[in-house]
Each structure stands twice: as C-alpha cells, then as structure tokens.
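All remarks here apply to the structure that follows.
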Amino acid sequence: EDNGRPRRVERFQATRKGFPPVAFHPDEDAADFAAAAPERHRHLFRLGHSISGFHPAGGNTARLLPNSNATIDAMAADIDSATDHVHVLFYIWLPDNNGTKVVEALKRAAARGVTCRAMADDLGSRMIIRSEHWQAMRAAGVRVASGLPIGNPLLRPFEGRIDLRNHRKIVVIDDRITYCGSQNCADPEFRVKAKYAPWVDAVMRFEGPIARQNQFLFASDWMTYVDENLDELLSRPLPLPTAGGATAQVIGTGPTMRYSAMPEMFESLMFAARREIVITTPYYVPDEALQNALCTTAYRGVDTTIIFPARNDSWIVGAASRSYYADLLAAGVKIYEYE
C-alpha cells in the first residue's frame with residue numbers, strides 16, 4: 001500500500017491509460033460501430049461506454065452454449081484450433097476433469113507454437129495454482145500468472161484486502177473468438193462445494209470484433225501483474241465484421257470504476273424492458289434503487305421473472321434474498337427457486 005492506495009490499483013490505472021485506442025478496420029470507424037446499435041438501445045450502449053470506454057461493436061455472431069460441460073468442450077476445441085494466441089483468465093479453476101481439459105488444450109497449443117497466457121485468481125484457483133498442473137503448463141511453454149496474490153493469510157490484515165478478488169472469466173482466442181458468462185473452469189459437480197451441485201452456468205460464445213474488447217480487459221489484468229507489454233497485440237487491425245451480425249459491447253467493472261456502475265446498467269436495462277424480463281442470480285442483495293427498479297418493471301405490466309437457488313451456498317445471502325420476496329411478489333414479480 002502507498003498512502004492508503006494499493007500499488008496494484010495505481011499500476012492497473014497506469015496500464016489502462018497507456019493502452020492504444022481500440023483499433024478499427026480501415027473501412028470502418030467508431031461512428032459506424034456506434035451506429036450499429038438500434039436507436040432504441042443507443043442510450044444503453046452510451047451508459048456502457050461511460051463505464052469501460054468501449055463503443056458498441058457490430059458484426060458479431062453469438063450462440064448460447066447448452067451447459068457447463070459443452071462450454072468447456074467448446075473452449076478446448078477452439079484452443080485446439082488456435083493459430084496465434086490463447087488468453088484465459090478464471091476466478092475459479094479446479095484440477096478436476098474440466099479444469100484439466102483446458103490445461104491439456106493449452107499445453108497442446110503451446111507445443112504448436114501458439115502463444116498461451118493463463119491467469120487465475122490466487123484465492124479462487126489456489127488448488128490448481130499450487131498443483132503439478134500449473135507447473136506442467138509452465139514447463140510446456142504456457143505463460144502463467146496469478147491475480148491478487150494472497151501470500152500469507154495471517155499477514156493479510158496488515159498487507160491489504162483478501163476479499164477483493166478477480167471474478168472475471170475471460171477466454172480470447174486469436175483475437176476473434178471470446179466467451180462471456182458465469183462459467184468457471186471446473187466440473188458442474190464443483191467438488192469444492194459439492195453439496196450445492198450441480199452448478200448451472202450461462203455462457204455465450206462470440207466471434208467477431210467484440211473479442212478485442214475482452215482482449216483489453218484481459219491485457220489490463222495481465223499487465224498489472226506481469227511485466228509484459230501487449231500493446232502490439234491491442235493495436236492490430238480488427239477482424240472484419242460479419243454482415244448482419246449482432247451488436248455487442250463489453251462492460252468491465254472493478255475497484256477502479258465507479259461503485260454504482262453495474263447497478264446503473266441493470267436498472268437502465270429494466271427500465272428499457274417493454275414485454276418481458278427474466279433474471280437468474282444466486283446472490284440477490286440489491287440496494288433500494290435496484291429493488292425499486294425491479295418492482296417498477298412489474299408494476300408497468302412487464303412480464304417479470306426472477307430465479308434463485310432453492311439452497312444458497314451462502315446462508316446469509318440466501319436469507320437476505322428472501323427478505324426481499326414479499327415486496328417483489330406484491331409488485332407482481334414471479335419468483336422461482338431452482339431445485
């Protein structure tokens with residue numbers, strides 16, 4: 001810590017300031033990308049831009065993966081097809097069946113001469129970071145790093161915060177494929193919390209210019225902990241957008257962003273809903289504005305559904321979530337608990 005500010009935060013901010021601007025294709029410019037958003041959604045993309053500085057990017061293809069195992073298999077297949085580079089960052093990476101599938105795919109890619117960078121949160125992924133798999137990846141030529149190292153837990157009260165973790169799940173392959181969702185690198189049986197399993201995740205696979213925005217997020221975390229400059233990679237021309245593809249935008253939050261960023265985004269999305277809104281979350285502890293926005297959405301006649309786990313892995317959060325049920329139900333929100 002330096003005058004009460006963690007050095008890593010200052011390094012993170014310095015890294016972000018030094019980045020080249022997001023590149024556009026020679027026959028595209030930022031205005032074209034911004035115009036890719038339909039008028040009724042532009043205010044939402046403007047809010048997203050105010051958080052992360054990314055404009056909406058058009059021309060992407062996207063598909064929802066059917067389940068956790070299919071997601072890991074798709075990631076491994078994409079890594080096996082990589083020709084230039086693979087970047088992975090996970091909050092929780094376990095040395096189980098799915099976790100080692102990704103390990104082996106990275107080792108195979110590195111053996112082909114593909115540049116592989118793998119990063120994991122030092123607390124959430126401590127089991128694999130301290131296993132032979134991590135050393136085997138390094139020996140195979142995969143560049144590895146741990147984020148927010150915890151060091152000696154007994155000294156943490158004097159050294160900094162152990163509760164501030166890197167919860168990102170980012171995969172970027174050849175600057176044109178990226179994954180976004182709640183999937184950690186682990187089996188759905190999730191043996192560290194097996195009695196709450198199977199874990200159910202929602203993940204989308206994107207292909208197109210949007211991958212560059214996740215690339216920037218990965219690079220900002222990587223360059224905070226690793227003395228390696230990725231500016232050349234971030235300055236390359238973007239892949240050509242797909243005609244008629246989807247418009248997308250990456251929003252990344254953290255301790256360097258304004259605290260209200262994601263609640264603002266969620267509330268704005270709720271107020272933009274006209275017909276239906278479906279929310280699924282394991283942890284619902286809203287502030288007053290977010291709770292009011294959800295109730296107001298139902299009062300407006302929008303078909304509003306929210307899905308919680310029947311048994312929460314945090315009994316405190318589970319109890320807190322249930323304390324909001326009465327007001328949600330009174331407003332007409334339909335609540336389901338996933339068994």
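The values are calculated or read from the model by the stated rules, or taken from the named source; none is laboratory data. Predicted model, so just to flag it, every value in this text is computed and none were measured. Heads up, the Cβs are rebuilt from the backbone with ideal geometry, glycines too, and the neighbour counts pull from every protein chain shown. For the accessible areas, the whole protein counts, side chains as well, though only heavy atoms, and no ligand, DNA or RNA atoms are used. Shrake-Rupley method; radii C 1.70, N 1.55, O 1.52, S 1.80 Å.
Applying the selection to the stretch 222-232, what residues are open to solvent by 10 Å² or more (accessible area, probe 1.4 Å) and not polar (S, T, N, Q)?
MET223, TYR225, VAL226, ASP227, GLU228, ASP231, GLU232
Only residues that are over 13 Å from GLY141 (Cβ atoms) and either buried (at least 21 other Cβ atoms within 10 Å of the Cβ) or aliphatic (A, V, I, L, M) (or both): list them for the stretch 79-102, please.
ILE79, ALA82, HIS87, VAL88, LEU89, PHE90, ILE92, TRP93, LEU94, ASN98, GLY99, VAL102
If we keep just the residues of the stretch 37-94 that are in contact with a Gly (Cβ under 8 Å, 6 or more places away or on another chain) and in a helix (DSSP H, G or I), which is modelled with the lowest pLDDT?
SER52
Go through the stretch 246-267 and give me each residue that's closer than 28 Å to ALA298 by Cα, in contact with a helix residue (DSSP H, G or I) (Cβ under 6 Å, 6 or more places away or on another chain) and hydroxyl-bearing (Ser, Thr, Tyr).
Across the stretch 246-267, the qualifying residue is only THR253.
Name the single residue that is nearest to the chain's Cα centre (by Cα) among those in the stretch 50-61 being crowded, with 20+ Cβ neighbours inside 10 Å and not small (Gly, Ala, Ser).
Filtering first and then ranking leaves PHE54.
Taking the conditions exactly as written (within 27 Å of HIS85 (Cα to Cα), part of a helix (DSSP H, G or I) and not aliphatic (A, V, I, L, M)), does ASP221 satisfy them or not?
Considered against the rule, which asks whether it is within 27 Å of HIS85 (Cα to Cα), part of a helix (DSSP H, G or I) and not aliphatic (A, V, I, L, M), ASP221 comes out as yes.
For the stretch 62-76, which positions are closer than 26 Å to SER146 by Cβ and open to solvent by less than 50 Å² (accessible area, probe 1.4 Å)?
SER68, THR71, ILE72, ALA74, MET75, ALA76
What number of residues in the stretch 170-183 are surrounded by 21 or more Cβ atoms within 10 Å (Cβ to Cβ) and without any contact (Cβ under 8 Å) to a residue 60 or more places away in the chain?
1
Based on what the data block shows, is ASP121 at pLDDT below 95, open to solvent by less than 30 Å² (accessible area, probe 1.4 Å) and either under 21 Å from the mean Cα position of the chain (by Cα) or among the small types (Gly, Ala, Ser) (or both)?
yes
If you check ALA248 against the conditions, is it buried (at least 19 other Cβ atoms within 10 Å of the Cβ), touching a residue at least 60 places away in the same chain (Cβ under 8 Å), in contact with a Ser or Thr (Cβ under 9 Å, 6 or more places away or on another chain) and among the small types (Gly, Ala, Ser)?
Values: buried (at least 19 other Cβ atoms within 10 Å of the Cβ): yes; touching a residue at least 60 places away in the same chain (Cβ under 8 Å): yes; in contact with a Ser or Thr (Cβ under 9 Å, 6 or more places away or on another chain): no; among the small types (Gly, Ala, Ser): yes.
Spelling it out, it is not the case that ALA248 is buried (at least 19 other Cβ atoms within 10 Å of the Cβ), touching a residue at least 60 places away in the same chain (Cβ under 8 Å), in contact with a Ser or Thr (Cβ under 9 Å, 6 or more places away or on another chain) and among the small types (Gly, Ala, Ser).
Here are ALA219, ALA202, ALA186, ALA211: which of them is open to solvent by less than 30 Å² (accessible area, probe 1.4 Å), under 16 Å from the mean Cα position of the chain (by Cα) and more than 18 Å from ASP121 (Cβ to Cβ)?
Numbers: ALA219 fails: more than 18 Å from ASP121 (Cβ to Cβ); ALA202 fails: open to solvent by less than 30 Å² (accessible area, probe 1.4 Å); ALA186 fails: more than 18 Å from ASP121 (Cβ to Cβ).
Step by step, each of ALA219, ALA202, ALA186, ALA211 is checked, and only ALA211 is open to solvent by less than 30 Å² (accessible area, probe 1.4 Å), under 16 Å from the mean Cα position of the chain (by Cα) and more than 18 Å from ASP121 (Cβ to Cβ).
Being of a type outside the set (Phe, Trp, Tyr), under 17 Å from the mean Cα position of the chain (by Cα) and open to solvent by 40 Å² or more (accessible area, probe 1.4 Å) is the filter here; which residues of the stretch 257-269 pass it?
Selection gives MET257, MET262.
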